[in-house]
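First the structure, in the form of structure tokens, and then the observations on it.
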Amino acid sequence: MITNYREIICSHYDPKTLRLKPFNIVEYVFYYQSSADDKLLLDELIGKGYDLATKVNPGAANDSARRRTFEIIISNCVAGLIAEFCWQHFLNDGGSQIRVTSVPFETANFQIDLRTIKNSKTIEVRSSFPRAPIEKVICNRDCQFDVIGPYKNSYKPDEIQKDFYVRALFRMDNPRQVLTNVKTDNFVAYLTGGATWAMIADDAIAIEKALTPSDEISEKKIYSRSTYRVVPFCYALDTLEIKQIISTL
């Protein structure tokens with residue numbers, strides 16, 4: 001596993017971009033075929049992904065009518081655990097500074113991904129699978145992605161409010177490809193910034209968007225659209241900025 005730090009200047013990719021500042025991202029590149037350590041790590045995360053999928057969708061593996069949904073959930077769980085690992089590793093400076101820890105899964109509606117050790121601040125990790133180049137989904141004025149916050153109706157009580165929301169992207173045509181792509185060399189997870197709760201709640205930069213997050217693991221939500229609070233990448237903190245805030249709490 002190697003990490004690459006990249007600074008993206010959005011005006012180089014879209015002259016009409018709304019992102020005026022550079023956007024720093026971090027690439028985690030894995031080598032399943034040629035690194036024994038990477039294979040061991042990824043096999044562990046894949047195994048945990050299958051276990052998690054069974055918890056959130058029990059019995060589906062043996063039910064032909066629900067097998068397609070189960071496959072999606074497995075893919076989302078594996079990608080989510082890889083994203084969570086990368087963010088935890090990055091925020092902990094590769095293990096040299098232990099600032100955050102993972103939180104055991106309880107339920108899909110009340111899940112916390114990471115928590116700061118010092119003051120128990122909560123961090124939600126959201127992953128997506130863009131087909132377009134990473135530079136386009138960060139910079140393009142018309143099709144930029146977002147940092148995804150809570151769904152609008154859980155701005156009310158049915159989802160825990162998190163202190164921070166962070167993003168990871170896996171470039172591929174279909175989320176199911178993660179189960180095969182992860183077992184190749186040069187598999188990349190892109191850490192692409194985040195937002196604080198104050199930003200999610202700020203109507204000047206956050207918007208409400210109807211979408212179905214591509215990392216959803218709740219069966220009842222996989223095929224339905226909900227309204228979420230999101231911060232478009234043009235207004236989001238980049239990967240180094242969100243780390244700086246979390247690190248200094």
_As a quick test, which of the pairs 39/209; 118/183; 48/243 have an alpha carbon distance above 32 angstrom in this structure?_
39/209; 118/183
_Calculated from backbone phi, Karplus (6.51, -1.76, 1.60) coupling profile of segment 6-18 in Hz, x at Gly/Pro_ = 10, 9, 9, 9, 5, 5, 6, 10, 7, x, 9, 4, 8
_Gained length - residue 161 relative to residue 141, 0.36 nm times residue gap less alpha-carbon distance_ = 4.3 nm
*asked:* Show me, for segment 119-129, the HN-Hα J-couplings you get by feeding each phi into the Karplus relation (A = 6.51, B = -1.76, C = 1.60, θ = phi - 60°), rounded to Hz, glycine and proline as x.
replied: 9, 6, 6, 9, 10, 9, 9, 10, 10, 9, 10
*Under the Karplus relation 6.51 cos²θ - 1.76 cosθ + 1.60, θ = phi - 60°, what is the ordered set of whole-Hz ³J(HN,Hα) values for segment 23-35, x standing for Gly and Pro?*
10, 8, 10, 10, 9, 9, 10, 10, 10, 4, 6, 10, 10
_Pairwise FRET efficiency - residue 36 versus residue 101, Cβ, R0 = 30 Å, nearest 0.05_ = 0.70
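None of the figures in this text is laboratory data; all of them are computed from the coordinates on show. If you're wondering where the values come from, they're calculated on a predicted model, not measured in any experiment. Neighbour counts run over all protein chains shown; Cβ positions are idealised from the backbone, glycine included.
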